[in-house]
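Remarks on the structure that follows.
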Amino acid sequence: MSLRDIVAKSLTGLALVLAPHQALSCVDGANAQDTAVRNLYGCWRDLYLWVWQAYQLTDDSWNPAGISDACNLALPFAKTINGAFVIGYTLSDNHDRQWHSTDDYETSARAASNQYHGPFYQRFIQYNGNAEADSEVGRVAARDRTNLHCPIFNLRGPSDDPVNRGSVLVHESWHHWQHKHGFKSDHMDGPRGACTAGAGACDWFYFHRVGRFEFGQLDRYDLDPNNLAFHSPYQVQSEFDADVAELAKSFVPVSVTQQARFYGNARLATQFVNRVAYRIGDPRPW
Amino acid sequence: MLTLAMSPARQRHFGGRCTRRMIWCLACVISASAFAEESGREPSGLGLTQPSEGVSKPPFVSRESVVNLPLLTAKTIDDFLGRVGSIPHSQAESIRAAVARAAADQAVVEELLKRLLTTPITDVGRHLMILSTLGELRNPRAVEPLKEFIWSDRPLVPPQQPGESVDTRTSFFNHDGALRARAAEILAYIGGRDADAAVLEIAARHPGAEVRIAAIDAYLFNHADSAEAKEELARIVRAEERKLIGIPRFKRGMDVSQFDQLVTDFYRRYPEEMPQWPSRLEEQTLQRTKPRSFPERQPAEPRR
């Protein structure tokens, strides 16, 4: 084989590698919940550019996941934008009743270094196991990261829901909070105590009164034995679910509030080692 | 796709100079590919924006959409279920009214039940809409199929692949149990002697904790949280779940101080339900951050 042949074949191969990736990942497609949320804002360039940066969906794992087709709701990139929209725009910020504010959840979920955590980025992983996502903290000579898995994107998969995706982003960011503040960031294995979930799916629940955390102060904690104020990842996720279920803005679709209640109540009942002494919302059809 | 087919004449014409250019080109492409591995593309490939701090979140002007629901009939069920989730939650009354117009239509109930019992469930969101619509119809014909759904010994949702092992900073969810729990709430809402008996049995004996707890709460809700209903539940539920009878509901119209007090009292009464102290990282891996003190929320002060 001549040098020219080698060069020609190498160049052809590279051209194939560098050609635009096929927009295929997980099981593509948009369900009614995602469509209902997207219809609130349409194809919004300012939003997807902002989320891309704020949530750091910036590594090349997003190339085959729709980053070059940012408004294609069938693909993980646009679905992640939808999850970020739920975090950033659906809460009413009812100061008297909400667990925490939009700004609290969003600042935690964002990837930049801030009072919640150090810098991290979010990867898309074509992993089809049970876990919806996981976080890597304390990496050596590399940024920490959150890995978002196929279950939260798979069309007709049970976790493919914009509210759930938003709450997963909040949950995973809390592992970064734990790490920054010097707390162990692993979940416990279940079943254990009241937690009926499996391996790596249980947390403690640290109840606090509704007004214990002023808006803008979710990042704080207090280990005073008489005044404990603390959050575990499933707890902050359930509080987000509760706020979306009951205190969403008036324009938010009923599928969003129903799903938030659905996820929140099941988590409260099954993912905490100690029992949680409240339910989210009234158990009625609509 | 790039192709490199050249005629022999052209090959001779370009000769070695072309090969050198190609090698140079190859080097450039390899450099570019190395860069591409480190940072992904820009969304949609528009402009030259690179991620940076300080970009402001775009403001959103919300507008309540108007979603027209079709008349709910046996023929329009799928269209109805596809659209109903888009209705703003503040307009839930319009859903109730739309469903109420179909209350006398037995064919609607039958079609909904057929869809309810079609498993494995491939669209959880749609199934939640089916359950809510069935609940709003309050037709006793739904009681037995709902019991069948709740007690089914087959998985309702396709089991996910086990996948490779992941670390323990993950997020999981059991949709199967959550769906059965929602069905228990709907059964309780339908009410009547048979439904009530079924809900009590679920509260006492269902293997899923989320289903039992949902049944306890829903039974109370549909019996006006009465003392009699609490006593009835206390007689049948598991001993360790008696303490959950009558726990408060976090909801938009709640009295916050009463809610806080009820939950605080629960943990005082049952100190065994207090959490373990948060675990610290080992000293050598601890990132030193001091806890910041913070004042409590001041409820009376107007803001925002």
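For the reader, a short list of remarks on this structure follows.
- Every condition in (1) within 12 Å of chain A (Cβ to nearest Cβ); (2) among the aliphatic types (A, V, I, L, M); (3) under 19 Å from residue B:153 (Cβ atoms) holds for residue B:198 except the one numbered (1).
- Qualifying residues in the range B:81-119 (those that are closer than 24 Å to residue B:176 by Cβ and facing chain A (nearest Cβ under 10 Å)) - the one surrounded by the most Cβ atoms within 10 Å (Cβ to Cβ): B:84
- Residue count, the range A:237-249 (criterion: touching a residue at least 60 places away in the same chain (Cβ under 8 Å) and out of contact with any Leu (no Cβ under 8 Å at 6 or more places or on another chain)): 6
- Hits in the range A:235-255 - residues which are more than 8 Å from chain B (Cβ to nearest Cβ) and within 16 Å of residue A:169 (Cβ to Cβ): A:235, A:236, A:238, A:239, A:240, A:241, A:243, A:244
- Each residue in the range A:110-139 was checked for being in a loop (DSSP other than H, G, I, E, B), crowded, with 21+ Cβ neighbours inside 10 Å and of a type in the set (S, T, N, Q), and 1 pass.
- Matching residues, the range A:73-101, being surrounded by 19 or more Cβ atoms within 10 Å (Cβ to Cβ) and of a type in the set (Ser, Thr, Tyr): A:80, A:89, A:90, A:101
- Residues considered: A:234, A:206, A:221. Of these, the only one that is touching a Leu at 6+ places or on another chain (Cβ under 7 Å) and either modelled with pLDDT of 95 or more or closer than 21 Å to residue A:93 by Cα (or both) is A:206.
- Residue A:176 satisfies every condition listed in (1) in contact with a His (Cβ under 6 Å, 6 or more places away or on another chain); (2) more than 19 Å from residue B:251 (Cβ to Cβ); (3) at the interface with chain B (Cβ under 8 Å from one of its Cβ atoms) except (3).
- The listed residue being over 16 Å from the mean Cα position of the chain (by Cα), assigned to a helix (DSSP H, G or I) and under 16 Å from residue A:233 (Cβ atoms), out of A:171, A:175, A:179: A:179
- Within the range A:182-202, restricting attention to residues that are part of a loop (DSSP other than H, G, I, E, B) and within 19 Å of the chain's Cα centre (by Cα), the residue that is surrounded by the fewest Cβ atoms within 10 Å (Cβ to Cβ) is A:186.
- Filter pass, residue B:168 being at pLDDT below 95 and among the β-branched types (Val, Ile, Thr): yes
- Pairs, first over 22 Å from residue B:156 (Cβ atoms) and at the interface with chain B (Cβ under 9 Å from one of its Cβ atoms) in the range A:151-172, second of a type in the set (A, V, I, L, M) and not in a helix (DSSP H, G or I), C-beta under 9 Å, six or more apart: A:171/A:133; A:172/A:133; A:172/A:148
- Residue match in the range A:153-164 (condition: of a type in the set (S, T, N, Q), more than 12 Å from the chain's Cα centre (by Cα), under 30 Å from residue B:239 (Cα atoms) and modelled with pLDDT under 95): no
- When restricted to residues that are part of a loop (DSSP other than H, G, I, E, B) and basic (Lys, Arg), the range B:129-145 contains 1.
- Those residues of the range A:53-66 which are within 20 Å of residue A:126 (Cβ to Cβ) and in contact (Cβ under 8 Å) with a residue 24 or more places away in the chain, in sequence order: A:55, A:56, A:57, A:58, A:59, A:61, A:62, A:63, A:64, A:65, A:66
- Members of the range B:214-244 found to be within 11 Å of chain A (Cβ to nearest Cβ) and hydrophobic (A, V, I, L, M, F, W, C), listed by number: B:214, B:215, B:216, B:218, B:220, B:221, B:244
- Residues of the range A:251-263 include at least one that is surrounded by 24 or more Cβ atoms within 10 Å (Cβ to Cβ) and part of a loop (DSSP other than H, G, I, E, B).
- Among the residues of the range A:23-43, those that are more than 7 Å from every other protein chain (Cβ to nearest Cβ) and either free of Cβ contacts under 8 Å to residues at least 40 places away in the same chain or in contact with a Gly (Cβ under 6 Å, 6 or more places away or on another chain) (or both) comprise A:23, A:35, A:42, A:43.
- Every residue from the range B:247-266 that is within 20 Å of residue B:234 (Cβ to Cβ) and surrounded by 14 or more Cβ atoms within 10 Å (Cβ to Cβ): B:247, B:248, B:249, B:262, B:263, B:266
- The range A:117-143 - residue that is more than 7 Å from every other protein chain (Cβ to nearest Cβ) and aromatic (Phe, Trp, Tyr) and, of those, nearest to residue A:67 (Cα to Cα): A:124
The values are calculated or read from the model by the stated rules, or taken from the named source; none is laboratory data. The structure displayed is predicted, hence computed values, not measured ones. Every residue, glycine as well, gets a Cβ built from its backbone with ideal geometry; the counts of neighbours run over all protein chains shown.
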